[in-house]
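In what follows, a structure is listed as structure tokens, so that the remarks can point back to it.
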Amino acid sequence: MAVRGIRGATAVKTDTSEAVLAATRELLEALVAANGIVPDDIASVIFTVTPDLRSDFPAHAARQMGWINVALLGATEMDVPAGLKRCIRVLLHVNTDRPASVIQHVYLHEAKSLRPDR
């Protein structure tokens, strides 16, 4: 069994706790559905947000989803002037037998512009 990294990102229109948590839940649910993930297979998750998001931790959404035994880490990204604003990124580390070629990375809303190839 391998540990695979699965990437995803989304963006919110406003910096409110409700917006951050709802967008994070939507992204995590999409990643889980696209890759057939069960929480017991998730080794860890790294969340990053752009500096303009300060209302809540995206990791709270994972805890609300019942990801109690998953190691979670949050960080703030560099403030790149031309970067996407109000962006939430996630890197899931998942134990899986699936080959890297079938892993589905998910980019939602304005974050689709980060990876138009996806």
By count of other Cβ within 10 Å, fewest leading, how are R4, R63 ordered?
-> R63, R4
For A43, residues with placed amide H under 5 Å, excluding near neighbours | H93, V94, N95
May I ask what percent, to the nearest 5, of DSSP beta bridges between residues of the chain are antiparallel?
-> 70 percent
Hey, what D do you get for the chain in µm²/s if you plug the Kirkwood alpha-carbon radius into Stokes-Einstein at 20 °C and 1.002 mPa s?
-> 150 µm²/s
How large is ³J(HN,Hα) for each residue in the range 9-17, as worked out from phi by the Karplus curve 6.51 cos²θ - 1.76 cosθ + 1.60 (θ = phi - 60°), to whole Hz, x for Gly and Pro?
-> 7, 8, 9, 10, 7, 9, 8, 10, 4
Mind giving me the FRET efficiency for T14 and D97? R0 is 25 Å, r the Cβ-Cβ distance, nearest 0.05 is fine.
-> 0.05
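Since every read-out is calculated from the coordinates, none of them should be taken as a lab result. Keep in mind that what you see is a predicted model, and the values were worked out from it rather than measured. Cβ: placed from backbone, ideal geometry, glycine included. Neighbour counts: every protein chain shown.
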